[in-house]
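Worksheet for the structure shown next.
The values are calculated or read from the model by the stated rules, or taken from the named source; none is laboratory data. None of the values given here were measured: they were computed from a predicted structure. Here the Cβ positions follow ideal geometry from the backbone for every residue, glycine too, while neighbour counts run over all protein chains shown. The protein model used for the area step is the full one, side chains on, heavy atoms only, and it has no ligands, DNA or RNA in it. Shrake-Rupley method; radii C 1.70, N 1.55, O 1.52, S 1.80 Å.
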Amino acid sequence: MSKETTKYAFILGHVPDLSVAEIICLLKKQTVDFEEILQSKEALIIEANQELDVLALQNRLGGVIKIIAILSKTSKENLSENIEEIVKASAYAKASADKQKFQFGFSLYGKTVVKEFQQLGLTIKRELKEQGTLCRFVVSKEKSLSAVIIKKEHLLGQGLDLVVIENQGEYYLGETLAIQDFEAYSARDYGRPSRDDKSGMLPPKLAQIMINLAGAKPADVLLDSFCGSGTVLQEALMLGYKNIIGSDISAKAIADCRNNISWLKTKYNFKIDGVKMYELDVRNLVHKVALATVDAIVTEPYLGEPDKSKLKTQKFEDLENLYLDSFKQFYKVLKSGGKAVMILPIINGQKMEILDAVQKIGFIIDKLGQSERGSIIYGREGQMVEREIFVFVKN
Ligand SMILES: C[S@@+](CC[C@H](N)C(=O)[O-])C[C@H]1O[C@@H](n2cnc3c(N)ncnc32)[C@H](O)[C@@H]1O
(Lines give C-alpha, C1' and ligand atoms only; values in the text may rest on other atoms or scores of the structure.)
Protein backbone atom coordinates (compact mmCIF):
# COMPACT_ATOMS: atom_id res chain seq x y z
CA MET A 1 0.00 0.00 0.00
CA SER A 2 1.37 3.43 -0.87
CA LYS A 3 2.31 5.73 1.99
CA GLU A 4 0.07 8.58 0.82
CA THR A 5 -3.15 6.62 1.21
CA THR A 6 -5.55 8.78 3.13
CA LYS A 7 -8.92 7.33 2.17
CA TYR A 8 -10.24 4.86 4.68
CA ALA A 9 -13.40 2.82 5.10
CA PHE A 10 -14.68 1.79 8.51
CA ILE A 11 -16.98 -1.22 8.54
CA LEU A 12 -19.66 -0.46 11.09
CA GLY A 13 -21.05 -2.58 13.92
CA HIS A 14 -24.69 -3.62 14.26
CA VAL A 15 -25.84 -0.12 15.27
CA PRO A 16 -24.31 1.87 12.39
CA ASP A 17 -25.35 5.35 13.61
CA LEU A 18 -23.62 4.70 16.93
CA SER A 19 -20.44 3.49 15.21
CA VAL A 20 -20.38 6.63 13.04
CA ALA A 21 -20.89 8.89 16.07
CA GLU A 22 -18.03 7.12 17.85
CA ILE A 23 -15.63 7.39 14.89
CA ILE A 24 -16.36 11.09 14.40
CA CYS A 25 -15.90 11.81 18.11
CA LEU A 26 -12.57 10.01 18.29
CA LEU A 27 -11.15 11.53 15.09
CA LYS A 28 -12.17 15.00 16.25
CA LYS A 29 -10.55 14.39 19.63
CA GLN A 30 -7.37 13.36 17.85
CA THR A 31 -7.68 16.57 15.75
CA VAL A 32 -7.72 14.64 12.49
CA ASP A 33 -9.13 16.75 9.65
CA PHE A 34 -11.30 14.62 7.43
CA GLU A 35 -14.14 14.72 4.95
CA GLU A 36 -16.93 12.20 4.76
CA ILE A 37 -17.09 10.58 1.34
CA LEU A 38 -19.79 7.99 1.92
CA GLN A 39 -21.97 6.73 4.70
CA SER A 40 -24.08 3.62 4.34
CA LYS A 41 -25.56 1.09 6.74
CA GLU A 42 -22.38 -0.93 6.46
CA ALA A 43 -19.54 1.52 5.96
CA LEU A 44 -18.22 5.02 6.52
CA ILE A 45 -15.63 6.20 4.00
CA ILE A 46 -13.54 9.25 4.80
CA GLU A 47 -10.65 11.14 3.29
CA ALA A 48 -8.21 12.25 5.98
CA ASN A 49 -5.54 14.93 5.71
CA GLN A 50 -2.99 12.54 7.15
CA GLU A 51 -2.13 8.88 7.35
CA LEU A 52 -3.99 7.25 10.23
CA ASP A 53 -2.56 4.80 12.75
CA VAL A 54 -5.23 2.25 11.92
CA LEU A 55 -4.13 -0.43 14.37
CA ALA A 56 -4.30 1.97 17.31
CA LEU A 57 -7.64 3.34 16.06
CA GLN A 58 -9.11 -0.13 15.64
CA ASN A 59 -8.21 -1.04 19.22
CA ARG A 60 -9.94 2.07 20.54
CA LEU A 61 -13.16 1.80 18.51
CA GLY A 62 -15.71 -0.58 19.99
CA GLY A 63 -18.15 -0.04 17.08
CA VAL A 64 -15.83 -0.76 14.17
CA ILE A 65 -15.35 -4.23 12.70
CA LYS A 66 -12.63 -3.51 10.13
CA ILE A 67 -10.58 -0.58 8.87
CA ILE A 68 -9.75 -0.56 5.18
CA ALA A 69 -7.37 1.46 3.03
CA ILE A 70 -9.30 2.57 -0.05
CA LEU A 71 -7.13 2.00 -3.13
CA SER A 72 -9.41 3.02 -5.99
CA LYS A 73 -12.92 3.80 -7.13
CA THR A 74 -14.25 2.22 -10.26
CA SER A 75 -17.31 1.51 -12.42
CA LYS A 76 -19.09 -1.78 -13.06
CA GLU A 77 -17.39 -2.09 -16.48
CA ASN A 78 -13.87 -1.90 -15.05
CA LEU A 79 -14.54 -3.70 -11.78
CA SER A 80 -13.18 -7.18 -12.64
CA GLU A 81 -10.10 -5.78 -14.31
CA ASN A 82 -9.31 -3.53 -11.33
CA ILE A 83 -9.82 -6.31 -8.83
CA GLU A 84 -7.53 -8.57 -10.85
CA GLU A 85 -4.84 -5.89 -10.90
CA ILE A 86 -4.97 -5.37 -7.14
CA VAL A 87 -4.94 -9.07 -6.28
CA LYS A 88 -2.10 -9.86 -8.65
CA ALA A 89 0.04 -6.90 -7.52
CA SER A 90 -0.47 -7.98 -3.93
CA ALA A 91 0.30 -11.62 -4.75
CA TYR A 92 3.53 -10.80 -6.59
CA ALA A 93 4.72 -8.53 -3.78
CA LYS A 94 3.77 -10.78 -0.90
CA ALA A 95 4.26 -14.29 -2.25
CA SER A 96 7.77 -13.56 -3.45
CA ALA A 97 8.71 -11.73 -0.27
CA ASP A 98 7.47 -14.51 1.98
CA LYS A 99 8.14 -17.44 -0.35
CA GLN A 100 4.91 -18.92 0.86
CA LYS A 101 1.36 -19.45 -0.33
CA PHE A 102 -0.51 -16.21 -0.92
CA GLN A 103 -4.04 -16.36 0.47
CA PHE A 104 -6.76 -13.94 -0.59
CA GLY A 105 -10.50 -13.47 -0.27
CA PHE A 106 -13.21 -10.93 -1.02
CA SER A 107 -15.45 -8.96 1.34
CA LEU A 108 -18.46 -7.44 -0.37
CA TYR A 109 -20.64 -4.61 0.90
CA GLY A 110 -23.63 -2.98 -0.79
CA LYS A 111 -25.38 -4.54 -3.81
CA THR A 112 -23.14 -7.24 -5.17
CA VAL A 113 -23.67 -10.75 -6.52
CA VAL A 114 -21.50 -13.13 -4.51
CA LYS A 115 -21.37 -15.81 -7.23
CA GLU A 116 -19.84 -13.42 -9.78
CA PHE A 117 -17.03 -12.61 -7.37
CA GLN A 118 -16.43 -16.26 -6.52
CA GLN A 119 -16.04 -16.97 -10.20
CA LEU A 120 -13.62 -14.07 -10.54
CA GLY A 121 -11.63 -15.21 -7.50
CA LEU A 122 -11.25 -18.71 -8.92
CA THR A 123 -10.14 -17.34 -12.30
CA ILE A 124 -7.51 -15.10 -10.68
CA LYS A 125 -6.29 -18.00 -8.55
CA ARG A 126 -5.94 -20.22 -11.63
CA GLU A 127 -4.03 -17.55 -13.54
CA LEU A 128 -1.69 -16.90 -10.64
CA LYS A 129 -0.98 -20.62 -10.35
CA GLU A 130 -0.29 -20.87 -14.08
CA GLN A 131 2.25 -18.07 -13.63
CA GLY A 132 3.88 -20.04 -10.81
CA THR A 133 2.51 -18.17 -7.79
CA LEU A 134 1.33 -20.45 -5.00
CA CYS A 135 -2.03 -19.17 -3.82
CA ARG A 136 -5.35 -19.99 -2.20
CA PHE A 137 -8.72 -18.29 -2.63
CA VAL A 138 -10.62 -18.17 0.67
CA VAL A 139 -14.40 -18.34 0.39
CA SER A 140 -17.10 -18.01 3.00
CA LYS A 141 -20.86 -18.47 3.17
CA GLU A 142 -21.21 -14.79 4.09
CA LYS A 143 -20.83 -11.85 1.71
CA SER A 144 -17.91 -10.55 3.70
CA LEU A 145 -15.12 -12.35 5.48
CA SER A 146 -15.41 -12.16 9.25
CA ALA A 147 -12.63 -11.05 11.57
CA VAL A 148 -12.37 -14.70 12.68
CA ILE A 149 -11.74 -15.95 9.13
CA ILE A 150 -9.36 -13.10 8.32
CA LYS A 151 -7.27 -13.95 11.37
CA LYS A 152 -7.39 -17.72 10.87
CA GLU A 153 -6.47 -17.52 7.18
CA HIS A 154 -3.72 -14.91 7.75
CA LEU A 155 -5.23 -12.43 5.32
CA LEU A 156 -3.80 -9.35 7.06
CA GLY A 157 -0.30 -8.34 6.00
CA GLN A 158 0.88 -11.50 4.28
CA GLY A 159 -2.48 -12.15 2.52
CA LEU A 160 -5.30 -9.97 1.24
CA ASP A 161 -8.90 -9.30 2.21
CA LEU A 162 -9.95 -7.34 -0.84
CA VAL A 163 -12.92 -5.16 -0.03
CA VAL A 164 -15.58 -4.06 -2.50
CA ILE A 165 -18.01 -1.40 -1.34
CA GLU A 166 -20.82 -0.75 -3.79
CA ASN A 167 -22.76 2.49 -3.65
CA GLN A 168 -25.25 3.50 -6.33
CA GLY A 169 -23.45 1.64 -9.07
CA GLU A 170 -19.96 2.85 -8.10
CA TYR A 171 -17.39 0.60 -6.47
CA TYR A 172 -14.71 1.45 -3.91
CA LEU A 173 -11.91 -1.11 -3.73
CA GLY A 174 -9.63 -1.48 -0.77
CA GLU A 175 -7.49 -3.66 1.44
CA THR A 176 -8.35 -4.51 5.06
CA LEU A 177 -5.61 -3.21 7.36
CA ALA A 178 -7.07 -3.94 10.79
CA ILE A 179 -9.82 -6.06 12.33
CA GLN A 180 -11.62 -6.03 15.64
CA ASP A 181 -9.74 -8.04 18.26
CA PHE A 182 -12.63 -10.40 19.00
CA GLU A 183 -10.52 -12.61 21.25
CA ALA A 184 -9.52 -9.73 23.55
CA TYR A 185 -13.13 -8.53 23.87
CA SER A 186 -14.30 -12.01 24.63
CA ALA A 187 -11.58 -12.48 27.27
CA ARG A 188 -12.55 -9.21 28.95
CA ASP A 189 -16.22 -10.18 28.86
CA TYR A 190 -16.31 -13.92 29.61
CA GLY A 191 -12.84 -14.39 31.07
CA ARG A 192 -13.15 -11.98 34.00
CA PRO A 193 -13.42 -13.62 37.39
CA SER A 194 -16.66 -11.99 38.60
CA ARG A 195 -19.64 -11.84 36.28
CA ASP A 196 -23.10 -10.71 37.29
CA ASP A 197 -25.50 -12.12 34.73
CA LYS A 198 -28.42 -11.23 36.99
CA SER A 199 -28.27 -7.44 37.05
CA GLY A 200 -26.78 -7.43 33.58
CA MET A 201 -23.46 -6.40 32.18
CA LEU A 202 -22.64 -3.96 29.50
CA PRO A 203 -20.87 -5.53 26.51
CA PRO A 204 -17.24 -4.22 26.67
CA LYS A 205 -17.55 -2.90 23.10
CA LEU A 206 -20.52 -0.74 24.07
CA ALA A 207 -18.69 0.53 27.16
CA GLN A 208 -15.81 1.54 24.90
CA ILE A 209 -18.16 3.32 22.48
CA MET A 210 -19.77 5.26 25.33
CA ILE A 211 -16.40 6.30 26.77
CA ASN A 212 -15.36 7.53 23.32
CA LEU A 213 -18.60 9.52 23.01
CA ALA A 214 -17.63 11.35 26.20
CA GLY A 215 -14.49 12.58 24.40
CA ALA A 216 -12.52 12.90 27.66
CA LYS A 217 -8.74 13.33 27.80
CA PRO A 218 -6.54 10.66 29.50
CA ALA A 219 -5.97 12.78 32.63
CA ASP A 220 -9.67 13.64 33.03
CA VAL A 221 -11.79 12.29 35.87
CA LEU A 222 -14.25 9.63 34.70
CA LEU A 223 -17.10 8.35 36.86
CA ASP A 224 -19.52 5.41 36.64
CA SER A 225 -21.99 5.75 39.50
CA PHE A 226 -23.77 2.44 38.72
CA CYS A 227 -20.57 0.52 38.09
CA GLY A 228 -21.88 -3.02 38.73
CA SER A 229 -19.09 -5.48 38.06
CA GLY A 230 -17.02 -2.75 36.46
CA THR A 231 -17.23 -2.96 32.67
CA VAL A 232 -16.97 0.80 32.12
CA LEU A 233 -14.08 1.13 34.59
CA GLN A 234 -12.29 -1.78 32.95
CA GLU A 235 -12.64 -0.33 29.43
CA ALA A 236 -11.61 3.12 30.68
CA LEU A 237 -8.38 1.57 31.98
CA MET A 238 -7.87 -0.16 28.63
CA LEU A 239 -8.27 3.20 26.88
CA GLY A 240 -5.60 4.77 29.08
CA TYR A 241 -7.69 6.77 31.59
CA LYS A 242 -5.94 7.26 34.89
CA ASN A 243 -8.48 8.93 37.16
CA ILE A 244 -11.44 6.63 37.38
CA ILE A 245 -14.18 6.45 40.00
CA GLY A 246 -16.76 3.69 40.34
CA SER A 247 -19.65 3.52 42.79
CA ASP A 248 -22.62 1.24 43.27
CA ILE A 249 -25.25 0.70 45.96
CA SER A 250 -24.48 -3.01 46.16
CA ALA A 251 -21.63 -4.36 48.31
CA LYS A 252 -21.45 -7.42 46.07
CA ALA A 253 -21.12 -5.26 42.95
CA ILE A 254 -18.22 -3.35 44.51
CA ALA A 255 -16.52 -6.60 45.59
CA ASP A 256 -16.95 -8.00 42.05
CA CYS A 257 -15.68 -4.78 40.61
CA ARG A 258 -12.53 -4.82 42.77
CA ASN A 259 -11.91 -8.40 41.78
CA ASN A 260 -12.31 -7.69 38.05
CA ILE A 261 -10.15 -4.58 38.11
CA SER A 262 -7.33 -6.32 39.93
CA TRP A 263 -7.56 -9.22 37.42
CA LEU A 264 -7.38 -6.76 34.53
CA LYS A 265 -4.41 -4.93 36.04
CA THR A 266 -2.47 -8.18 36.35
CA LYS A 267 -3.50 -9.40 32.89
CA TYR A 268 -2.44 -6.21 31.13
CA ASN A 269 0.29 -5.24 33.57
CA PHE A 270 -1.26 -1.86 34.44
CA LYS A 271 0.84 -0.09 37.04
CA ILE A 272 -1.67 2.60 37.99
CA ASP A 273 -3.74 2.55 41.13
CA GLY A 274 -6.03 5.43 40.25
CA VAL A 275 -9.35 3.55 40.43
CA LYS A 276 -11.47 4.58 43.39
CA MET A 277 -14.47 2.44 44.30
CA TYR A 278 -17.26 3.24 46.73
CA GLU A 279 -20.29 1.37 47.97
CA LEU A 280 -22.75 4.21 47.60
CA ASP A 281 -26.34 5.07 46.67
CA VAL A 282 -26.22 7.44 43.69
CA ARG A 283 -28.45 9.77 45.67
CA ASN A 284 -25.49 10.32 48.03
CA LEU A 285 -22.86 10.78 45.36
CA VAL A 286 -21.76 14.16 46.75
CA HIS A 287 -20.82 12.46 50.05
CA LYS A 288 -17.82 10.88 48.31
CA VAL A 289 -17.25 12.86 45.14
CA ALA A 290 -16.33 16.54 45.48
CA LEU A 291 -18.43 19.17 43.73
CA ALA A 292 -17.53 20.11 40.14
CA THR A 293 -14.57 17.72 39.93
CA VAL A 294 -15.74 15.17 37.36
CA ASP A 295 -15.10 15.62 33.63
CA ALA A 296 -17.28 12.79 32.34
CA ILE A 297 -19.85 10.34 33.62
CA VAL A 298 -20.28 7.17 31.60
CA THR A 299 -22.89 4.88 33.00
CA GLU A 300 -25.50 2.23 32.46
CA PRO A 301 -27.82 2.76 35.43
CA TYR A 302 -30.24 0.30 36.93
CA LEU A 303 -32.43 -0.82 34.02
CA GLY A 304 -35.30 -2.18 36.12
CA GLU A 305 -36.06 -5.59 37.59
CA PRO A 306 -33.60 -8.08 36.13
CA ASP A 307 -36.23 -10.83 36.58
CA LYS A 308 -38.33 -10.60 33.41
CA SER A 309 -41.55 -11.82 35.06
CA LYS A 310 -41.22 -9.04 37.67
CA LEU A 311 -40.20 -6.47 35.07
CA LYS A 312 -43.76 -6.51 33.70
CA THR A 313 -45.02 -5.01 36.95
CA GLN A 314 -42.07 -2.65 37.41
CA LYS A 315 -43.23 0.88 38.20
CA PHE A 316 -41.75 3.00 35.47
CA GLU A 317 -42.29 6.05 37.66
CA ASP A 318 -39.92 4.70 40.34
CA LEU A 319 -37.23 4.22 37.73
CA GLU A 320 -37.79 7.68 36.30
CA ASN A 321 -37.44 9.16 39.79
CA LEU A 322 -34.17 7.31 40.35
CA TYR A 323 -32.86 8.72 37.08
CA LEU A 324 -33.94 12.26 37.91
CA ASP A 325 -32.30 12.00 41.36
CA SER A 326 -29.16 10.81 39.59
CA PHE A 327 -29.18 13.77 37.23
CA LYS A 328 -29.42 16.17 40.19
CA GLN A 329 -26.31 14.58 41.70
CA PHE A 330 -24.53 14.48 38.34
CA TYR A 331 -25.13 18.20 37.94
CA LYS A 332 -23.36 18.81 41.24
CA VAL A 333 -20.28 16.65 40.69
CA LEU A 334 -19.70 17.46 37.02
CA LYS A 335 -17.50 20.36 35.94
CA SER A 336 -19.16 22.96 33.76
CA GLY A 337 -19.32 21.57 30.21
CA GLY A 338 -18.82 18.04 31.57
CA LYS A 339 -20.66 15.22 29.82
CA ALA A 340 -22.87 12.39 31.00
CA VAL A 341 -23.05 9.55 28.49
CA MET A 342 -25.94 7.48 29.72
CA ILE A 343 -28.29 4.68 28.93
CA LEU A 344 -32.00 5.17 29.51
CA PRO A 345 -33.97 1.94 29.36
CA ILE A 346 -36.83 1.34 26.93
CA ILE A 347 -39.00 -1.30 28.57
CA ASN A 348 -41.49 -3.10 26.35
CA GLY A 349 -41.29 -0.19 23.92
CA GLN A 350 -41.94 2.45 26.61
CA LYS A 351 -39.42 5.28 26.66
CA MET A 352 -38.55 7.44 29.67
CA GLU A 353 -40.32 10.79 29.51
CA ILE A 354 -37.81 12.71 31.59
CA LEU A 355 -35.99 14.80 29.00
CA ASP A 356 -37.73 18.09 29.83
CA ALA A 357 -37.01 17.59 33.53
CA VAL A 358 -33.37 16.74 32.82
CA GLN A 359 -33.04 19.93 30.81
CA LYS A 360 -34.59 21.88 33.69
CA ILE A 361 -31.94 20.45 36.03
CA GLY A 362 -29.38 22.13 33.74
CA PHE A 363 -28.37 19.71 31.01
CA ILE A 364 -28.54 20.08 27.27
CA ILE A 365 -28.73 17.12 24.93
CA ASP A 366 -25.75 16.76 22.65
CA LYS A 367 -27.69 15.13 19.83
CA LEU A 368 -26.62 11.76 18.52
CA GLY A 369 -27.90 10.49 15.17
CA GLN A 370 -31.01 11.81 13.45
CA SER A 371 -33.76 10.92 15.93
CA GLU A 372 -36.02 13.58 17.40
CA ARG A 373 -34.94 12.73 20.95
CA GLY A 374 -31.28 12.99 19.99
CA SER A 375 -30.56 9.42 21.06
CA ILE A 376 -29.49 6.17 19.44
CA ILE A 377 -31.15 2.90 20.37
CA TYR A 378 -28.90 -0.07 20.98
CA GLY A 379 -30.92 -3.25 20.92
CA ARG A 380 -32.05 -6.19 18.89
CA GLU A 381 -35.55 -6.97 17.69
CA GLY A 382 -37.78 -8.57 20.31
CA GLN A 383 -35.70 -7.46 23.32
CA MET A 384 -37.80 -6.61 26.38
CA VAL A 385 -35.30 -3.98 27.53
CA GLU A 386 -33.55 -1.87 24.94
CA ARG A 387 -30.84 0.69 25.66
CA GLU A 388 -31.39 4.28 24.58
CA ILE A 389 -28.04 6.09 24.51
CA PHE A 390 -27.78 9.82 25.20
CA VAL A 391 -25.05 12.39 25.65
CA PHE A 392 -26.01 15.14 28.13
CA VAL A 393 -23.85 18.20 28.72
CA LYS A 394 -23.84 20.27 31.88
CA ASN A 395 -24.82 23.73 30.80
C1 LIG B 1 -27.32 -2.60 34.92
S2 LIG B 1 -26.28 -2.65 36.31
C3 LIG B 1 -24.82 -1.90 35.72
C4 LIG B 1 -23.96 -2.91 35.07
C5 LIG B 1 -22.58 -2.41 34.74
N6 LIG B 1 -22.63 -1.43 33.66
C7 LIG B 1 -21.71 -3.60 34.35
O8 LIG B 1 -21.41 -3.78 33.16
O9 LIG B 1 -21.35 -4.38 35.23
C10 LIG B 1 -26.98 -1.50 37.37
C11 LIG B 1 -26.31 -1.36 38.71
O12 LIG B 1 -26.99 -0.30 39.40
C13 LIG B 1 -26.87 -0.54 40.78
N14 LIG B 1 -27.85 0.30 41.48
C15 LIG B 1 -29.20 0.16 41.58
N16 LIG B 1 -29.72 1.16 42.27
C17 LIG B 1 -28.70 2.00 42.62
C18 LIG B 1 -28.62 3.22 43.34
N19 LIG B 1 -29.68 3.80 43.87
N20 LIG B 1 -27.41 3.80 43.48
C21 LIG B 1 -26.29 3.22 42.97
N22 LIG B 1 -26.32 2.06 42.29
C23 LIG B 1 -27.51 1.45 42.12
C24 LIG B 1 -27.08 -2.04 40.91
O25 LIG B 1 -26.50 -2.55 42.09
C26 LIG B 1 -26.37 -2.56 39.64
O27 LIG B 1 -25.07 -2.97 39.94
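Residues in region 260-276: is at least one among the small types (Gly, Ala, Ser) and at pLDDT 95 or above? No, that holds for no residue.
Do you know which residues across region 241-252 are open to solvent by 10 Å² or more (accessible area, probe 1.4 Å) and more than 30 Å from Thr31 (Cα to Cα)? It would help to see each step written out before you state the result.
In the first step, residues of region 241-252 are kept if they are open to solvent by 10 Å² or more (accessible area, probe 1.4 Å); the result is 242-243, 245, 248-252.
Scanning region 241-252 gives Asp248, Ile249, Ser250, Ala251, Lys252.
Would you say Val333 is touching a helix residue (DSSP H, G or I) at 6+ places or on another chain (Cβ under 8 Å) and either within 13 Å of the ligand (Cβ to nearest atom) or closer than 19 Å to Met352 by Cα (or both)? Answer is no for this residue.
Residues in region 80-122 that are out of contact with any Leu (no Cβ under 8 Å at 6 or more places or on another chain) and under 18 Å from Ala43 (Cβ atoms): 5 in all. Across region 212-240, which residue is surrounded by the most Cβ atoms within 10 Å (Cβ to Cβ) among those that are assigned to a loop (DSSP other than H, G, I, E, B) and within 16 Å of the ligand (Cβ to nearest atom)? Filtering first and then ranking leaves Gly230.
Residues in region 317-349 that are more than 18 Å from Ile389 (Cα to Cα), open to solvent by less than 60 Å² (accessible area, probe 1.4 Å) and assigned to a helix (DSSP H, G or I): Asp325, Gln329, Val333. Scanning region 131-150 for residues that are more than 26 Å from Asp181 (Cβ to Cβ), out of contact with any Ser or Thr (no Cβ under 9 Å at 6 or more places or on another chain) and open to solvent by less than 50 Å² (accessible area, probe 1.4 Å) yields one hit, Cys135. Cβ-Cβ distances below 7 Å connect the following pairs, each with a first residue in region 128-150 that is assigned by TED's automatic domain parsing to the domain that holds Glu166, a second residue that is of a type in the set (Lys, Arg) and open to solvent by 80 Å² or more (accessible area, probe 1.4 Å), and a separation of six or more residues or different chains: Leu134/Lys101; Cys135/Lys101; Cys135/Lys129; Arg136/Lys101. For region 177-190, filtering for residues that are modelled with pLDDT under 95 and either over 30 Å from Leu156 (Cα atoms) or open to solvent by less than 40 Å² (accessible area, probe 1.4 Å) (or both) leaves 5. Filter region 23-46 for residues that are open to solvent by 80 Å² or more (accessible area, probe 1.4 Å) and in contact (Cβ under 8 Å) with a residue 24 or more places away in the chain; which is nearest to Glu175 (Cα to Cα)? Residue satisfying both the conditions and the ranking: Lys41. In region 110-130, is there at least one residue being touching a helix residue (DSSP H, G or I) at 6+ places or on another chain (Cβ under 7 Å), surrounded by fewer than 19 Cβ atoms within 10 Å (Cβ to Cβ) and modelled with pLDDT under 95? The answer is no, given that none of the residues of region 110-130 is touching a helix residue (DSSP H, G or I) at 6+ places or on another chain (Cβ under 7 Å), surrounded by fewer than 19 Cβ atoms within 10 Å (Cβ to Cβ) and modelled with pLDDT under 95.
Which one of Asn78, Asn49 is open to solvent by 50 Å² or more (accessible area, probe 1.4 Å), over 24 Å from Ser375 (Cα atoms) and either touching a residue at least 12 places away in the same chain (Cβ under 8 Å) or aliphatic (A, V, I, L, M) (or both)?
Values: Asn78 fails: either touching a residue at least 12 places away in the same chain (Cβ under 8 Å) or aliphatic (A, V, I, L, M) (or both).
Asn49 is the lone residue from the list that is open to solvent by 50 Å² or more (accessible area, probe 1.4 Å), over 24 Å from Ser375 (Cα atoms) and either touching a residue at least 12 places away in the same chain (Cβ under 8 Å) or aliphatic (A, V, I, L, M) (or both).
Cβ-Cβ distances below 7 Å connect the following pairs, each with a first residue in region 262-281 that is in a loop (DSSP other than H, G, I, E, B), a second residue that is open to solvent by 60 Å² or more (accessible area, probe 1.4 Å) and more than 16 Å from the ligand (Cβ to nearest atom), and a separation of six or more residues or different chains: Ile272/Lys242; Gly274/Lys242; Gly274/Asn243. Of Leu202, Leu177, all but one fail to be within 12 Å of the ligand (Cβ to nearest atom) and either part of a strand (DSSP E or B) or not assigned by TED's automatic domain parsing to the domain that holds Ala43 (or both); the exception is Leu202. For region 82-118, the set of residues classified as more than 34 Å from the chain's Cα centre (by Cα) and either not assigned by TED's automatic domain parsing to the domain that holds Lys151 or not hydrophobic (A, V, I, L, M, F, W, C) (or both) consists of Tyr92, Ser96, Lys99, Gln100, listed by residue number. For region 184-212, a residue qualifies if it is under 23 Å from Ile23 (Cβ atoms) and either among the aromatic types (Phe, Trp, Tyr) or in contact with a Lys or Arg (Cβ under 8 Å, 6 or more places away or on another chain) (or both), and the qualifying residues are Tyr185, Pro204, Leu206, Gln208, Asn212.
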